[in-house]
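Participant: Sending over a structure as structure tokens; questions will come in a sec.
The values are calculated or read from the model by the stated rules, or taken from the named source; none is laboratory data. Here the structure is a predicted model, which is why all the values come from computation and not from measurement. Backbone-built Cβ (ideal geometry, glycine too); neighbour counts: all protein chains shown. The accessibility values were calculated without ligands, DNA or RNA, using every heavy atom of the protein model including side chains. Shrake-Rupley method; radii C 1.70, N 1.55, O 1.52, S 1.80 Å.
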Amino acid sequence: MPTEPIVYAVAEAERQLLLERFTNVLNNNDLSIEQVARDGAKYIQLLPKNIVETVVDFKNSIKYPALIIRGLPSIVDEKTPSNIPNNRNDHPPSRDEAIHIAIASVLGQVFAFDSIQDGNIVNYILPIESHKSRPISSSTLRPLGLHTEDAFHPCAGDYLGLFCVRNPDDTPTDLAFMGDVTLRNEIKHVLFQN
């Protein structure tokens, strides 16, 4: 099994199409993040065909552990929030959020857990001064060690989407894949216990 992800580079024409289509839809409709997530299939049609086909190919293949889409438009000039916004699902989505939700909708229904960031469909991972020494994603002084996202939740999602808006320090994001690792039966047994 390959341990390398599929990497798709968005062409400039596709980027411009995304900017135009999503800006138009968001400017001409009174939408919330929750509505875009609930009706995600409607917004898939705004995505360039090659992006949709790449996501579908990834979804239908068990050969690749991840899909990376590079070159999506993002609003890099917005000020970083000073804290994680609460209860944002009723607010209008940014263009970035709407594009990300539309791409995620190709994979399936987008959802969130009430217990994580107040149930926000879009979770912000950003440095927060009051969290600087805590071992969580909003820390600034402590490294965030290897971890899983909701791995033990009884209704864990099949996919996790990350959308990097800006990364001025080129801080890496590590993704770990099992690849061709062979586990002994007694270890598998423990991993699949309730």
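Participant: Filter the stretch 137-170 for residues that are modelled with pLDDT of 75 or more and of a type in the set (S, T, N, Q) and give the result.
Facilitator: If the condition is that a residue be modelled with pLDDT of 75 or more and of a type in the set (S, T, N, Q), then S139 is the only one that fits.
Participant: Go through the stretch 12-58 and report how many residues are touching a residue at least 60 places away in the same chain (Cβ under 8 Å), outside any helix (DSSP H, G or I) and open to solvent by less than 80 Å² (accessible area, probe 1.4 Å).
Facilitator: Summing the residues that are touching a residue at least 60 places away in the same chain (Cβ under 8 Å), outside any helix (DSSP H, G or I) and open to solvent by less than 80 Å² (accessible area, probe 1.4 Å) in the stretch 12-58 gives 2.
Participant: For I121, indicate whether it is in a loop (DSSP other than H, G, I, E, B), modelled with pLDDT of 75 or more, open to solvent by less than 90 Å² (accessible area, probe 1.4 Å) and hydrophobic (A, V, I, L, M, F, W, C).
Facilitator: It is true that I121 is in a loop (DSSP other than H, G, I, E, B), modelled with pLDDT of 75 or more, open to solvent by less than 90 Å² (accessible area, probe 1.4 Å) and hydrophobic (A, V, I, L, M, F, W, C).
Participant: Further question: Can you find a residue that is open to solvent by 60 Å² or more (accessible area, probe 1.4 Å) and either modelled with pLDDT of 90 or more or at positive phi (or both) anywhere in the stretch 77-89?
Facilitator: Within the stretch 77-89 (the criterion being open to solvent by 60 Å² or more (accessible area, probe 1.4 Å) and either modelled with pLDDT of 90 or more or at positive phi (or both)), the answer is yes, since at least one residue qualifies.
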